[in-house]
Structures are given as C-alpha cells and as structure tokens.
1. Within region 22-42, track down each residue that is within 18 Å of Gly65 (Cβ to Cβ), of a type in the set (S, T, N, Q) and touching a residue at least 24 places away in the same chain (Cβ under 8 Å).
2. Just the residues that are open to solvent by 40 Å² or more (accessible area, probe 1.4 Å), in contact with a His (Cβ under 8 Å, 6 or more places away or on another chain) and more than 22 Å from Glu207 (Cα to Cα), please, taken from region 163-188.
3. Kindly check whether there is at least one residue in region 9-20 that is modelled with pLDDT under 95 and open to solvent by 50 Å² or more (accessible area, probe 1.4 Å).
4. Out of the residues in region 179-191 meeting the condition of being touching a Lys or Arg at 6+ places or on another chain (Cβ under 9 Å) and either part of a helix (DSSP H, G or I) or not aliphatic (A, V, I, L, M) (or both), tell me which one is nearest to His118 (Cα to Cα).
5. Can you find a residue that is buried (at least 17 other Cβ atoms within 10 Å of the Cβ), outside any helix (DSSP H, G or I) and in contact (Cβ under 8 Å) with a residue 12 or more places away in the chain anywhere in region 150-162?
6. Which of the residues spanning region 102-114 are modelled with pLDDT of 95 or more and open to solvent by 30 Å² or more (accessible area, probe 1.4 Å)?
7. So is Pro60 within 17 Å of the chain's Cα centre (by Cα), surrounded by fewer than 18 Cβ atoms within 10 Å (Cβ to Cβ) and within 30 Å of Ile177 (Cα to Cα) or not?
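The values are calculated or read from the model by the stated rules, or taken from the named source; none is laboratory data. On a predicted model such as this, the values are computed, not experimentally measured, just so you know. Cβ sites come from the backbone with ideal geometry, for glycine too, and all protein chains shown count toward neighbours. Ligands, DNA and RNA are stripped out before the accessible areas are found, and what is left, the full protein with its side chains, is counted by its heavy atoms. Shrake-Rupley method; radii C 1.70, N 1.55, O 1.52, S 1.80 Å.
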Amino acid sequence: MAEAPDRLRRDSFDSVAEVYERARPRYPEQLVDDLTSLAGIGEGTRVLEIGPGTGQLSVPLAERGAFLVAVERGPNLANVLRRRLSRFDHAAVVVADFDRWDAPPASFDVVVAATAFHWLDPSTRVLKAAKILRPGGSLAIVQTRWGVATCDDPFFAASQACYSRWYPNHDPTYRQIRPEDVPDPCVELSIAEFAHVVHRRYLCDREYSATAYCELLSTFSDVISLEDERRAGFLACMSRLIDSRFGGRIVRHDLHDLCVARAPRRV
C-alpha cells in the first residue's frame, strides 16, 4: 500500500540532509533564551527533542548544558546531527519515529519540538509528550511560518509566475498570510489541560542571495516532492527572478511562534 502524501512529504527531508544543514537558519537567539528560561533548561536538564533535523535548535540546547536526547526519523539527517553534536558528551541521537518510539513515563524534564510537531500524529502527539514528562515538566513547541507578509511584497507577487509555471496544483488565489492572521498554535496545549501556557512570537528579517534562497526552497517538502524536471525548472526560475529583478538579493520575513506549557494536571 502506498504511503499517504503527508508521510511522503515528512520523510522527504532526509533526501536533502546536507543541504538542510547549510540552508536552514538557526532560531533567533531571543527565542532560544526565552525557551530555556520558560522551560527551565540548564545544566543537566533532561531534554527530549522530537524531529531535530540537522540541529538548528539541538546545538543551542546542548550548548546550554542540557542532557539532550534527539529523536530523528531520517537516518541521513541523524548522521549530520551526530556530527554537529559530537563535541557534546551529554547529547545523543536516536533514529526512530516518535509516533512509534517508546520512552519510560516521566523520564524527561522537557520535551521540545521545533518546526516538527505538525508532522506527528495529531491524535496522540500531545498525550504522548505529556506521559514522557516528569510532574511539573514542560512541553515546548516552535512553529515556523516562512515568508509572511509585513507589507506589500513585490517579490512574492513576481514569484507567482514561477509557481504557476512549474507547480502542477498552483492556486492562483493564494495570498501571503500576515502575522496577525496566523492562528494561535498554543490552543492545542490549552485544550489538553496543560497549565501555565505561555506564547511568544518572533518576526525575523532574513536576507538571501539567489543561491541561498534556492537552497532554502530546496529543503521545503513541497519542492522536494516535485518531479525532477519541475523542481529544477522552478528553482532556476526563482534564481533568475532574484538576479534579474531584485539585484541578486531579497529579504524574507519569517515568523516563529513559541509555546511553553507545564505538564498537564491529568494524563
């Protein structure tokens, strides 16, 4: 039986592990500082990270002295992550699917998922994370929205021609979402009866060359999933657009939401 499209897209990141390491930016320093403060992460804190990719958050957590166990489904991503964490004797990488991975109850102080929680089984992810937490532990989730609209965006408007040409299911009515229209991602934790849910939001301006932006695009699951000819044509189209009409550089506005919640009163 063929895998569902969402699972195929989730697994696609492993095929571009080395590019993923180069292209995906680290999280804002203020976000990491707030996360570690709100969740009480420090020397010796037992932290489980779900879906760490190539360590955009893992490395800063390990640098703060956390005893880190990173559960990564993709073996190629895990190999890159092991290389990046090799200088830390208090960090370990496990190749496993979190949805099927068994961990002893109440075995971690903090569970973290950065730009990965949405790939987990929505019917079990919150409860499973809660069971792994010790009493009073914290669940922290980071959600990322790439390229939100802060004002009229001429690059977004111009880039729709590339999407229209190369994306088989392109929606011509699609519009950029504005930060104020992004739903609160913490609601799921409140419904699950976590206590003291804290929400912080971070808007980042990031400048890219044509090469750097196309590398970033090539780590997005919808781009990876394109047929080879379409993917190559799309990336070439975007590169030409940035070089010919935007002087070789563009600025994108990325939105990160951080939710930190105490373990639920009942599990």
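1. Listed by number, the list holds a single entry, Thr36.
2. Ser164, Asp184
3. Among the residues of region 9-20, at least one is modelled with pLDDT under 95 and open to solvent by 50 Å² or more (accessible area, probe 1.4 Å), which makes the answer yes.
4. Just the residues of region 179-191 that are touching a Lys or Arg at 6+ places or on another chain (Cβ under 9 Å), to begin with: 179, 182, 188.
Among the residues that remain, those that are also either part of a helix (DSSP H, G or I) or not aliphatic (A, V, I, L, M) (or both) are: 179, 188.
On the way: Pro179: 19, Glu188: 11 Å.
Residue satisfying both the conditions and the ranking: Glu188.
5. Among the residues of region 150-162, at least one is buried (at least 17 other Cβ atoms within 10 Å of the Cβ), outside any helix (DSSP H, G or I) and in contact (Cβ under 8 Å) with a residue 12 or more places away in the chain, which makes the answer yes.
6. Asp109
7. Values: within 17 Å of the chain's Cα centre (by Cα): yes; surrounded by fewer than 18 Cβ atoms within 10 Å (Cβ to Cβ): no; within 30 Å of Ile177 (Cα to Cα): yes.
Criteria not met by Pro60.
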